[in-house]
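A quick write-up on the structure given underneath.
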Amino acid sequence: AATSYRGFRLHLIFLCFGSLGLVLIALSQSKSFLLCMACIMIMGFCMSTGLSSCNTFLQLNSPDYLRGRIMSVYSLVLGGVTPIGSLYSGFVTDRYGIQWNLMISGGIAVTVMSVIFLKYYRTLSAK
């Protein structure tokens, strides 16, 4: 609340989910138990911060009369995509192993966040 006068910082979402992908890639290459635990801890922080930032962004930028509908769609998408991701993750892990699953998933996350980040900032600079 003390920093709310500065406005919401959308780059926090990009940073969290981009970092999540990089940490997934690091986790796929880790052989040390302590390093794996540190990666998992960082991933938890990135997920918690990123998802709460998305929630905050949606609630602050939606009109009052649509806020409930927007949040219900957000919850539906967030919960509805999980089974698809589980199916993908199980298939890749079964075929290629957990290391490749983590590496491919991290690569997808970094690529998607990079594309969204570049498109977002190009539209800002065009204005």
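I'd like to verify a number: residues in the stretch 98-119 that are surrounded by 13 or more Cβ atoms within 10 Å (Cβ to Cβ) and either under 18 Å from the mean Cα position of the chain (by Cα) or outside any helix (DSSP H, G or I) (or both), how many?
The number of residues fulfilling the criteria is 15.
Given the conditions (1) farther than 21 Å from Ile116 by Cα; (2) assigned to a helix (DSSP H, G or I), and given that Thr49 satisfies all but one, which numbered condition is not satisfied?
Tallying (1) farther than 21 Å from Ile116 by Cα; (2) assigned to a helix (DSSP H, G or I), Thr49 fails exactly one: (1).
Return the residues of the stretch 6-46 that are of a type in the set (A, V, I, L, M), assigned to a helix (DSSP H, G or I) and open to solvent by less than 70 Å² (accessible area, probe 1.4 Å); say none if nothing qualifies.
Listed by number, the residues that qualify are Leu12, Ile13, Leu20, Val23, Leu24, Ile25, Ala26, Leu27, Ala38, Met43.
Contact list please: Cβ distance under 8 Å, first residue in the stretch 105-127 and closer than 23 Å to Val23 by Cβ, second residue hydroxyl-bearing (Ser, Thr, Tyr) and part of a helix (DSSP H, G or I), pairs at least six apart or on different chains.
Sorted first by the residue in the stretch 105-127, then by its partner, the pairs are Ser105/Ser89; Gly106/Ser28.
Hey, Arg95 hits all of (1) open to solvent by less than 80 Å² (accessible area, probe 1.4 Å); (2) modelled with pLDDT of 95 or more but one; which does it fall short on?
Failing condition for Arg95: (1).
Among residues belonging to the stretch 66-86 that are among the aliphatic types (A, V, I, L, M) and in contact (Cβ under 8 Å) with a residue 12 or more places away in the chain, point out the one that is surrounded by the fewest Cβ atoms within 10 Å (Cβ to Cβ).
Filtering the stretch 66-86 for residues that are among the aliphatic types (A, V, I, L, M) and in contact (Cβ under 8 Å) with a residue 12 or more places away in the chain, the one surrounded by the fewest Cβ atoms within 10 Å (Cβ to Cβ) comes out as Leu78.
Determine whether Tyr65 is under 22 Å from Ile116 (Cα atoms), out of contact with any Cys (no Cβ under 6 Å at 6 or more places or on another chain) and in a helix (DSSP H, G or I). Explain how you work it out, then say what you get.
On the way: under 22 Å from Ile116 (Cα atoms): no; out of contact with any Cys (no Cβ under 6 Å at 6 or more places or on another chain): yes; in a helix (DSSP H, G or I): yes.
Taking the combined requirement at face value, the residue does not satisfy it.
The values are calculated or read from the model by the stated rules, or taken from the named source; none is laboratory data. As the structure is a computational prediction, the values presented were derived from the model and not from experiment. Glycine also receives a Cβ, built like all others from the backbone with ideal geometry; neighbour counts cover every protein chain displayed. These area figures cover heavy atoms from the full protein model, side chains too; ligands, DNA and RNA do not enter into them. Shrake-Rupley method; radii C 1.70, N 1.55, O 1.52, S 1.80 Å.
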